[in-house]
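Following: one structure in structure tokens, then a few remarks.
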Amino acid sequence: MQGRPVDRPPVWFMRQAGRSLPEYRDVRAGIPMLDACFDPALAAEITLQPVRRHGVDAAIFFSDIVVPLRAAGVDVVITPGVGPVVAEPFETAADLDRLPPPAPGMFDAIAAGVGITIAELTGTPLIGFAGAPFTVASYLIEGGPSRDLPKTKAMIVREPELFGQLLGRLSDLAAAFLRAQILAGASAVQLFDSWVGALPRRLYEEHVAPHSRAVFERVADLGVPRVHFAVGANHLAPQMADAGCDVLGIDFRVDLQDVDPAIRSRMPLQGNLDPAVLLTDQPTIEREVRRVLASGRGLRGHIFNLGHGVLATTQAEMVTAAVDAVKRFGEPMGEGLR
Ligand code: CP3
């Protein structure tokens, strides 16, 4: 991610840890998702599983975008098959009191988990992450997963000041969460703004981008590469690329060659094999991996990834097959870069 020449694009996968791995299902049995996130030894073990099994080039710390909410005392659970559910959704200015500024020690369990992970990784880089203020706000406001984010969008247009105050609080939390991970040893971070593609550019620029930028700026002094990713947000790509990141993550909807040339020539891209391809078979996976590698050729830099997370029903062997294909067919990259 530092733009140095490499023999082939590095590869890791969003949601590489999780339900696609039988060893994950074993260690998680009977333990609620967020409890697992706050158990340092368990979070480290789950983080390491896909590295051992698939030989990916980076680990991503096992956690969740709502971990900072739980750490701040918000009543949130992750319901299997559903996602994060918030007991009392955010509605009025009075609810801001439920999101106090980050307190010292708030992420000690997370930092401890990162520390254990780093010690066991012996050199393989660890990627830390946080949810972007908008995507985390969408769970708080909707009370749970939602396709169209109606309450969130209504708040932006009816009560922009309240929405801004909420995103301000969430950017403080996201920055503190990322700093804890980096200071404990993470060597890159990714900000997931998974659902921001629901917004038109005008609303993104005015009400969201400043808060995502604030998160990136508040980790800038730590000097690690910062990836920015959203789903279905190609219409926001220039603004996302401008928000203070070093790498832009691209979802599966857009061919890497079709990304805005102004972005392609300026920063490395990450992506973007469709996770559905991993539900097929080895020859199909190989062919599709080669297609994505070809579309990444000539980029300023390419980090091979999926266009969104590994699907829960994926066979672990097919994930390994994709990693092997990247290793076999990836070509040297970055000649002429600093
Ligand atoms: O290996 C990795 O990629 C790291 C793990 C990771 C998790 N959540 C673990 C998890 C990451 C990067 C996240 C981020 C996250 N969480 C996002 C952004 C990424 C994206 O997918 O767009 C979002 C939107 C969430 C919120 C969330 N948490 C959802 C939608 C779900 C799925 C609910 C379900 O059961 O289908 C979760 C739960 C979750 N987070 C699981 C995992 C491994 C599944 C929990 C389980 O095993 O039951």
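The values are calculated or read from the model by the stated rules, or taken from the named source; none is laboratory data. These figures come from a predicted structure and were not determined experimentally. Cβ coordinates were reconstructed from backbone atoms using ideal geometry, including for glycine residues, and neighbour counts include every protein chain displayed. Surface areas here come from the heavy atoms of the whole protein model, side chains and all, with no ligands, DNA or RNA. Shrake-Rupley method; radii C 1.70, N 1.55, O 1.52, S 1.80 Å.
Does P133 meet the test of being away from the ligand (no atom under 14 Å from the Cβ), within 23 Å of the chain's Cα centre (by Cα), at pLDDT 95 or above and over 30 Å from T313 (Cβ atoms)? No. Just one of the listed residues (F61, F38) is surrounded by fewer than 20 Cβ atoms within 10 Å (Cβ to Cβ) and of a type in the set (F, W, Y), namely F38. Step by step: first the residues of the stretch 293-309, then only those that are modelled with pLDDT of 95 or more and among the hydrophobic types (A, V, I, L, M, F, W, C), then the one that is surrounded by the fewest Cβ atoms within 10 Å (Cβ to Cβ). Which residue is that? My answer is A294. Has the stretch 187-200 got at least one residue that is away from the ligand (no atom under 14 Å from the Cβ) and farther than 25 Å from A44 by Cα? Scanning the stretch 187-200, I find at least one residue that is away from the ligand (no atom under 14 Å from the Cβ) and farther than 25 Å from A44 by Cα, so the answer is yes. When residues in the stretch 19-41 are screened for being touching a Lys or Arg at 6+ places or on another chain (Cβ under 9 Å), within 20 Å of V114 (Cα to Cα) and either among the aliphatic types (A, V, I, L, M) or assigned to a loop (DSSP other than H, G, I, E, B) (or both), 3 of them pass. Taking the residues in the stretch 162-218 that are closer than 15 Å to S138 by Cβ and of a type in the set (V, I, T) as candidates, determine which candidate is farthest from the chain's Cα centre (by Cα). Result: V208.
Of all the residues that make up the stretch 222-249, how many are among the β-branched types (V, I, T), farther than 20 Å from D148 by Cα and open to solvent by 10 Å² or more (accessible area, probe 1.4 Å)?
If we filter the stretch 222-249 for residues that are among the β-branched types (V, I, T), which is where we start, we get 224, 227, 231, 247.
Filter once more, so that each one left must be farther than 20 Å from D148 by Cα: 224, 227, 247.
Keeping just the survivors that are open to solvent by 10 Å² or more (accessible area, probe 1.4 Å) gives 224.
Going through the stretch 222-249 one residue at a time, the tally reaches 1.
Go through T117, T92, T122, T79 for me and flag whichever is open to solvent by 10 Å² or more (accessible area, probe 1.4 Å), within 14 Å of the ligand (Cβ to nearest atom) and of a type in the set (S, T, Y). Within the list T117, T92, T122, T79, the selection yields T79.
Taken across the stretch 45-56, residues that are near the ligand (Cβ under 10 Å from one of its atoms), within 22 Å of A188 (Cα to Cα) and surrounded by fewer than 21 Cβ atoms within 10 Å (Cβ to Cβ) do not occur at all. Per the conditions (1) more than 16 Å from the ligand (Cβ to nearest atom); (2) out of contact with any helix residue (DSSP H, G or I) (no Cβ under 9 Å at 6 or more places or on another chain), the sole criterion not satisfied by A262 is (2).
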